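S.K.: I am attaching a structure below and will ask some questions about it afterwards.
None of the figures in this text is laboratory data; all of them are computed from the coordinates on show. Since this is a predicted model, take the numbers as computed values, not measurements. Cβ placement follows ideal geometry from the backbone for every residue including glycine, while neighbour counts extend to all protein chains displayed.
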2 protein chains.
Amino acid sequence: MKKGCPYGTHRVIEPKGALPQPALKINNDMEIYDNEILIDVQTLNVDSASFTQIRQEAKDNIEEIKSIMKSIVEDKGKHQNPVTGSGGMLIGTVEKIGPSLEGKTDLKVGDRIATLVSLSLTPLRIDEFVEIRKDVDQVDIKGKAILFESGIYAILPDDMPENLALSVLDVAGAPAQTAKLVKPGDTVVVLGGTGKSGMLCLYEAKKRAGVTGKVICVGSRDITIERTKKANLADYYIKANATDAVDLLEKVKEITNGEMADVVINTVNIPNTEMSSILMTKDGGIVYFFSMATNFTKAALGAEGVGKDINMIVGNGYTKDHAAISLNLMRESEELRRIFTELYA
Amino acid sequence: MKKGCPYGTHRVIEPKGALPQPALKINNDMEIYDNEILIDVQTLNVDSASFTQIRQEAKDNIEEIKSIMKSIVEDKGKHQNPVTGSGGMLIGTVEKIGPSLEGKTDLKVGDRIATLVSLSLTPLRIDEFVEIRKDVDQVDIKGKAILFESGIYAILPDDMPENLALSVLDVAGAPAQTAKLVKPGDTVVVLGGTGKSGMLCLYEAKKRAGVTGKVICVGSRDITIERTKKANLADYYIKANATDAVDLLEKVKEITNGEMADVVINTVNIPNTEMSSILMTKDGGIVYFFSMATNFTKAALGAEGVGKDINMIVGNGYTKDHAAISLNLMRESEELRRIFTELYA
Ligand SMILES: NC(=O)c1ccc[n+]([C@@H]2O[C@H](COP(=O)([O-])OP(=O)(O)OC[C@H]3O[C@@H](n4cnc5c(N)ncnc54)[C@H](OP(=O)(O)O)[C@@H]3O)[C@@H](O)[C@H]2O)c1
Ligand SMILES: NC(=O)c1ccc[n+]([C@@H]2O[C@H](COP(=O)([O-])OP(=O)(O)OC[C@H]3O[C@@H](n4cnc5c(N)ncnc54)[C@H](OP(=O)(O)O)[C@@H]3O)[C@@H](O)[C@H]2O)c1
């Protein structure tokens, strides 16, 4: 059996020396190396920024969506959207475990798991499309995938439906990071607070900011704002276009009496929202860019351009215990669980 | 006289509602609004990632470089490289000050200043190229530029040559942020430590990390490494290709006895160095991406892909007092001043 590198570099076809995530093409042959895990895939949860782009390109036609997804995997050996660069994650059943992982992993054949590494670096083969649930970015397939030795995963909990767990785990990094960033008394804006990761962030922000804090939700549609309001996830709600920086600046200024936000969490799934995030933040404050549609130079030069001394953080999808922290929100909050079950499970 | 917005939105031609930095095209008509400052430009300091790209495209031909620069400004009304998205900064003389800035600014007509906002949002007109100093990314021109009300600047100091000040101010954010991030005893890697911003970061990192710290410089050429060594800017030197993540991982592992870095500062001017930066960092550590060639998704998904719980920071070009902090390095360190004078002034 062939010996693999923990990071999966042995699967990289092009360019040589790259890691699987930035690689243009990886090997998706399903014969495992000694330190790999083979997964029988059931559902892909495509990253929201990626799926939004694919739906647009496909003009929302199901067959067209399938054909785009298929050709991405054929080209790259992984489901990495060539426009957004992002992936998503998957759930499935452990089918084989490489012998050199024995004693190193708590997994056994037959375990139901979610991979917590991006699809953008996961060797994948799609044999058949079973169902496309396009409003929740979920795609049931028949197919196989490989998890590398350094790849993280979560065993699916038995006290909630799998699709519910999948939808929460997809954005697990966001609430876990929110928990770290928000302090009592903070003013927090969640840009895209009406979305999947956004609602989890709002809940976590409210818990951390406490009674002396202010949590502001920005969404773009009445229906999503109403839903968020009903669940009482924020203290204030703004309906606005997230790309309209000056309009949002004025609205946040009014709610905060000109003080602006200590922490802005960006969870939108569309481009060109860097400046809105920056202008809403007070000097010394933090912008957490969870959105995969974020552009690095627009953020860096945008803040410089308006002379804002703020700390801008790249939304690392991983943070310690993020799976446990985010899944627990479904146990902690009946409201969140109700909404997530309705929407995604 | 027309009234302007502090952020310069009044100059945006396309798309409507955008701010000048992300805008595709801005108005570079040199008739000022009531809150603008007109600058008679002397030298452009083109951002290193941008100039590297332009030189490659021009196959290093001076006339071709001019023609690319000219067409960028004609297309966009500003010098924003369409590939890298980045700009640079400029020095010149204050020619006119909008009446509504009176009492609000300490500038007067005739002052020699450097703008500290990116060229990627600065209305610019190039009338003539005077000299292209292609090895230091500096271009002398005849032309005019506009500084917005929210735009930051530094009055050029009288105790050093202007080109020296220009080269330091171009990367002022980097050493000032290093000063904030590095703590005594830290292990720090500066990826691109042999470059302009890199050397300033090394110096500042060594000062902050102190005798119990370890400062490691990564460069790709013998000549630049020798220069940095001679000035004793780091404790260890690695010659490597910054895009080769696995090679660098091994080299940093050896120097740090497997502990890896608390802080990695990325100041290279080429793409695909996100994974190297991430793999060098210990769990809980910080990567500071100053490089304008950084790709957001590659950083976010790359860290997740290898399960690294690290804090990744977008290199905001601005931080409080960055001009004063960085210029002072030229007074504090004879060695740095000597090298910078030789190379850039
Ligand atoms: N590793 C990672 O860092 C990671 C992992 C997963 C996801 N992500 C990223 O996180 C982001 C959010 O994912 P998600 O699953 O939470 O997406 P989602 O449920 O689709 O939510 C998107 C949010 O964006 C808002 N939005 C869209 N267009 C808007 C506009 N023009 N103005 C204002 N708001 C607008 C939506 O508000 P309305 O519905 O009210 O319009 C909604 O609140 C995506 O960019 C995704 O790529 C990152
Ligand atoms: N607002 C901001 O955040 C801001 C402002 C200004 C600049 N920047 C960015 O900061 C970065 C550095 O600017 P600078 O003026 O300091 O540039 P610079 O002087 O040209 O330095 C570039 C550095 O990258 C290194 N490098 C290039 N290719 C390499 C490779 N293949 N392997 C290893 N090292 C490599 C060079 O090392 P060798 O010479 O040894 O090869 C050098 O140390 C640029 O990306 C620039 O865009 C950002």
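S.K.: Quick one: work out Rg over Rh on the C-alpha atoms of the range A:1-45, Rh as Kirkwood radius.
M.R.: Values: Rg = 11.3 Å, Rh = 11.5 Å.
Here Rg/Rh amounts to 0.99.
S.K.: If I take all pairs of Cα atoms in the range B:25-94, what percentage of them are more than 20 Å from each other?
M.R.: 33
S.K.: Round to the nearest 10 and give me the degree value, 0 to 90, for the angle of helix A:322-332's Cα axis relative to the longest principal axis of chain A.
M.R.: Approximately 60 degrees, to the nearest 10.
S.K.: Would you tell me the mean number of C-beta atoms belonging to other protein chains that fall within 10 Å of each C-beta in B:285-294, as a whole number? Mind showing how you got there, number by number?
M.R.: Details: counts 0, 0, 2, 0, 4, 1, 2, 4, 2, 5.
Shielding by partners across B:285-294 averages 2.
S.K.: Still on this structure, I have one more. Hey, how much of the P(r) for the range B:173-344 falls beyond 28 Å, as a percent of Cα pairs?
M.R.: Details: 2011 of 14706 pairs.
I get 14 percent for the Cα pairs in the range B:173-344 exceeding 28 Å.
S.K.: While we're looking at this one, here's another question. With Rg and the Kirkwood Rh both taken from Cα atoms, where does Rg over Rh land for the range A:76-231? Intermediate values should be presented prior to the final figure.
M.R.: Values: Rg = 18.3 Å, Rh = 17.7 Å.
So for the range A:76-231, dividing Rg by the Kirkwood Rh gives 1.03.
S.K.: Under Stokes-Einstein, with the Kirkwood radius over Cα pairs standing in for Rh, what whole-number D in µm²/s applies to the range A:73-155 at 25 °C and 0.890 mPa s?
M.R.: Details: Rh = 13.7 Å.
D = 179 µm²/s.
S.K.: Between B:202, B:325, B:249, whose Cα lies farthest towards the positive end of the dipole of the range B:173-344 when Lys and Arg beta carbons carry +1 and Asp and Glu beta carbons carry -1, centred on the Cα centre?
M.R.: Of the listed residues, the answer is B:325.
S.K.: Additional query: Can you figure out the FRET efficiency of residue B:83 with residue A:159, using R₀ = 56 Å and their beta-carbon distance, to the nearest 0.05?
M.R.: 0.65
S.K.: Set the Förster distance to 30 Å, then compute FRET efficiency between residue A:1 and residue B:270 from the Cβ-Cβ distance, nearest 0.05.
M.R.: Values: r = 37 Å, r/R0 = 1.24.
Efficiency for this residue pair is about 0.20.
S.K.: Work out the length of the dipole vector of the protein assembly as shown about its Cα centre, built from +1 on the beta-carbon of each Lys and Arg and -1 on the beta-carbon of each Asp and Glu, and round it to the nearest 20 debye. Present the calculation step by step, with values, prior to reporting the outcome.
M.R.: Values: 82 positive and 96 negative charges, 91 e Å.
My answer is approximately 440 debye.
S.K.: I would also like to ask the following. Counting only other chains, what is the mean number of Cβ atoms within 10 angstrom of the Cβ of each residue in peptide B:114-126?
M.R.: Working: counts 0, 0, 3, 5, 6, 1, 7, 5, 1, 0, 0, 0, 0.
Mean partner-chain Cβ count within 10 Å for B:114-126: 2.
S.K.: Right, here's the next one. Using the Cα centre as the reference, give the magnitude of the dipole from point charges on the C-beta atoms of the range B:214-284 (Lys, Arg: +1; Asp, Glu: -1; all else neutral), rounded to the nearest 20 debye.
M.R.: Values: 9 positive and 11 negative charges, 68 e Å.
So the dipole magnitude of the range B:214-284 works out to roughly 320 debye.
S.K.: Could I ask something else about it? Note down the nm distance, to one decimal, between modelled labels 7 Å out along Cα→Cβ at residue B:142 and at residue B:254.
M.R.: The two pseudo-label positions are separated by 5.7 nm.
S.K.: So if I place +1 on the C-beta of Lys and Arg and -1 on the C-beta of Asp and Glu, and nothing else carries charge, what would the dipole magnitude of the range B:173-344 be about its Cα centre? I want it in debye, nearest 20.
M.R.: Values: 21 positive and 20 negative charges, 94 e Å.
For the range B:173-344, the charge dipole is close to 460 debye.
S.K.: I need the per residue convex hull volume for the range A:9-156, using only the alpha carbons, in cubic angstrom as a whole number.
M.R.: 95
S.K.: Evaluate E = 1/(1 + (r/R0)^6) for residue B:100 and residue B:230, where r is the Cβ-Cβ distance and R0 equals 60 Å; express this FRET efficiency to the nearest 0.05. Walk me through the numbers before you get to the answer.
M.R.: Details: r = 51 Å, r/R0 = 0.85.
About 0.70, to the nearest 0.05.
S.K.: Using Cα atoms only, what is the angle between the long axis of helix B:245-255 and the major principal axis of chain B, expressed in degrees (0 to 90) to the nearest 10?
M.R.: Between the helix axis and the principal axis of chain B, the angle is about 60 degrees.
S.K.: Go through B:312, B:145, B:130 and say which Cα lies farthest out towards the positive end of the charge dipole of the protein assembly as shown; charges sit on Cβ, +1 for Lys and Arg, -1 for Asp and Glu.
M.R.: Among B:312, B:145, B:130, the one farthest towards the positive end of the dipole of the protein assembly as shown is B:312.
S.K.: Please pull out the direction-averaged projected area of chain A, using the convex hull of its alpha-carbon atoms, in nm² to one decimal place.
M.R.: Working: hull surface 68.4 nm².
Taking a quarter of the hull surface, the average projection is 17.1 nm².
S.K.: How much length is gained on full extension from residue A:62 to residue A:331, taking 0.36 nm per residue of separation minus their Cα-Cα distance?
M.R.: Values: separation 269, 0.36 × 269 = 96.84 nm, distance 3.42 nm.
Value of the extension gain: 93.4 nm.
S.K.: Next question. Just the number, please: Stokes-Einstein D of the protein assembly as shown in µm²/s, Kirkwood Rh from C-alpha pairs, 20 °C, 1.002 mPa s. Mind dumping the intermediate values first?
M.R.: Details: Rh = 26.0 Å.
Answer, rounded: 82 µm²/s.
S.K.: What's the average, rounded to a whole number, of partner chain beta-carbon atoms within 10 Å of each residue's beta-carbon in A:16-28? Write out the running numbers ahead of the final one.
M.R.: Details: counts 1, 7, 6, 12, 4, 13, 13, 1, 0, 0, 0, 0, 0.
Partner-chain Cβ atoms within 10 Å, mean over residues of A:16-28: 4.
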